[in-house]
There are 2 protein chains.
Amino acid sequence: MAYIGTGVEYALHCLLFLVAPPEQPPSSRDLADIQGVPAAFVAKIFSKLEKAGIVEASGGIRGGYRLARPAKDISVLDVVDAVEGRKALFDCQEVRGRCPLLDDETARLATSGVCGIHAVMLNAQKVMREELARSSLASLSAGVLGRGLPARFAGEVKVWFAERQAAREDARIGGMRARSAVREDD
Amino acid sequence: MAYIGTGVEYALHCLLFLVAPPEQPPSSRDLADIQGVPAAFVAKIFSKLEKAGIVEASGGIRGGYRLARPAKDISVLDVVDAVEGRKALFDCQEVRGRCPLLDDETARLATSGVCGIHAVMLNAQKVMREELARSSLASLSAGVLGRGLPARFAGEVKVWFAERQAAREDARIGGMRARSAVREDD
């Protein structure tokens, strides 16, 4: 598995649909379905994004997700950390202290401070994280818009989300009527 | 498992012993034992390092490993790539092409060039690799020397390697005598 996994990829693609969001906040299932990615996995990812304060859920029948703060203030790094946890690039095992020839004095000298090898890895991690922090949902979204997709496509996306919303409401009303009918039969 | 695993850590620690090497090239078992790390794993790592042209093996009874080029020309990145393979930080699944609303024209526009999300990950990988390329076995070794370990420690390491070498030769001579004795008994 790659260091930055599919969960981050799905998260970012879904979040881009929330930068200029549909009229009603879409559900995580809507966001999964419009991208052809697994809905159950996306639901789990959105729990993590909500916990990290990247999205917020509005409840109720029209409920769904929206960004919890402006798209320019949500970096790719924020999303990576939310989905993957702050995982280290390298997990130092402190090999330098295991040499059987070390005594108390040399062990103290050999193991003081951060291991030189670990320090190189920490620097690599630092520059990688800085690079991920440099891009935001807003800059990614500008890149997508720069692809010159015709206006009709944005319109089709809007209609698709509205239809999904309407279908959910219909199903809900149908369910209420059915339950009401069952109660009347009692 | 971390992106840069224990194999790289063991490799780097072992390679540091080859920067100012013992008189006779040490075996991978010697290098593992002087650091208290698993010898079988280190043997596999050294096969990879040899294949990548980082170390070379000299055969025979006094055989062992030495660096295949100057320590300043072996970067941490070289060792990471040799041990881990050139593995990607992120494995793009091309999610952008899966939207069911795309037709031929919009699919072409949406999927031309590198995905914006993938591009961010590739940049992060690039800066990470550049940082790993900046450190060499020579610079790491200078850091270890800068720890002020007493000269007696370097002496003890030298003696330890020489004793291991002698023990291997004794075992070999013993084995030859035993085989010779068996032949005489025939």
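The values are calculated or read from the model by the stated rules, or taken from the named source; none is laboratory data. All figures in this text were calculated on a predicted structure; none of them were measured in a lab. Using ideal geometry, Cβ is built from the backbone for each residue, glycine included, and neighbour counts are taken over all protein chains shown.
The C-beta contact set for segment B:24-49 (first residue on the phi > 0 side of the Ramachandran plot, second residue modelled with pLDDT under 95 and part of a helix (DSSP H, G or I), distance under 9 angstrom, 6+ apart or interchain) comprises B:Gly36/A:Val95; B:Gly36/A:Gly97. Restricting attention to segment A:3-16, the residues that are free of Cβ contacts under 8 Å to residues at least 40 places away in the same chain and of a type outside the set (S, T, N, Q) add up to 4. Right, B:Leu31: touching a strand residue (DSSP E or B) at 6+ places or on another chain (Cβ under 8 Å), among the aliphatic types (A, V, I, L, M) and closer than 23 Å to A:His118 by Cα or not? Judged against the criteria, B:Leu31 is a match. Among the residues making up segment A:121-154, those that are in a helix (DSSP H, G or I), polar (S, T, N, Q) and either under 12 Å from A:Val76 (Cβ atoms) or touching a Leu at 6+ places or on another chain (Cβ under 6 Å) (or both) are A:Gln125, A:Ser139, A:Ser141. Considering segment B:94-109, the residues that are surrounded by fewer than 19 Cβ atoms within 10 Å (Cβ to Cβ) and among the hydrophobic types (A, V, I, L, M, F, W, C) include one that is farthest from the other protein chains (Cβ to nearest Cβ), namely B:Ala107.
Within segment B:150-171, can you find the residues that are of a type in the set (Asp, Glu) and at the interface with chain A (Cβ under 8 Å from one of its Cβ atoms)?
Initial filter on segment B:150-171 (of a type in the set (Asp, Glu)): B:156, B:163, B:169-170.
Once the filter is applied, which keeps residues that are of a type in the set (Asp, Glu) and at the interface with chain A (Cβ under 8 Å from one of its Cβ atoms), segment B:150-171 yields only B:Glu156.
In the set A:Ala40, A:Ala88, A:Ala82, only one residue is outside any loop (DSSP other than H, G, I, E, B) and surrounded by fewer than 17 Cβ atoms within 10 Å (Cβ to Cβ); that residue is A:Ala40.
Scanning segment B:110-126 for residues that are surrounded by fewer than 18 Cβ atoms within 10 Å (Cβ to Cβ) and closer than 30 Å to A:Ala124 by Cα yields a count of 6.
Evaluating B:Leu132 against the criteria (1) hydrophobic (A, V, I, L, M, F, W, C); (2) surrounded by 15 or more Cβ atoms within 10 Å (Cβ to Cβ); (3) more than 9 Å from chain A (Cβ to nearest Cβ) leaves one unmet condition, (3). Any chance segment A:25-37 includes a residue that's part of a loop (DSSP other than H, G, I, E, B) and in contact with a Ser or Thr (Cβ under 6 Å, 6 or more places away or on another chain)? Scanning segment A:25-37, I find at least one residue that is part of a loop (DSSP other than H, G, I, E, B) and in contact with a Ser or Thr (Cβ under 6 Å, 6 or more places away or on another chain), so the answer is yes. Every listed requirement among (1) out of contact with any His (no Cβ under 8 Å at 6 or more places or on another chain); (2) within 30 Å of B:Gln35 (Cα to Cα) is met by A:Lys51 save one, (2). In segment B:59-79, which residues are within 18 Å of B:Ala32 (Cα to Cα) and in a strand (DSSP E or B)? The answer is B:Gly64, B:Tyr65, B:Arg66, B:Leu67.
Out of the residues in segment B:140-149 that are more than 16 Å from the chain's Cα centre (by Cα) and more than 7 Å from every other protein chain (Cβ to nearest Cβ), state the one that is nearest to B:Asp91 (Cα to Cα).
It comes out as B:Ala142.
Considering segment B:1-53, the residues that are closer than 15 Å to B:Gly63 by Cβ and among the charged types (D, E, K, R) include one that is farthest from the chain's Cα centre (by Cα), namely B:Glu23. Would you pick out the residues in segment B:43-54 that are under 11 Å from B:Leu15 (Cα atoms) and surrounded by fewer than 20 Cβ atoms within 10 Å (Cβ to Cβ)? Selection gives nothing.
The residue pairs whose first member lies in segment A:159-185 and is part of a helix (DSSP H, G or I), whose second member is loosely packed, with under 10 Cβ neighbours inside 10 Å and not small (Gly, Ala, Ser), and whose beta carbons are closer than 9 Å, counting only pairs six or more residues apart or on different chains, are A:Trp160/B:Pro100. Filtering A:Val83, A:Val55, A:Val79 for residues that are more than 8 Å from every other protein chain (Cβ to nearest Cβ), touching a Gly at 6+ places or on another chain (Cβ under 6 Å), among the aliphatic types (A, V, I, L, M) and in contact (Cβ under 8 Å) with a residue 12 or more places away in the chain leaves a single hit, A:Val83. Among the residues of segment B:15-37, those identified as small (Gly, Ala, Ser) and either surrounded by fewer than 21 Cβ atoms within 10 Å (Cβ to Cβ) or over 19 Å from B:Val80 (Cβ atoms) (or both) are B:Ala20, B:Ser27, B:Ala32, B:Gly36.
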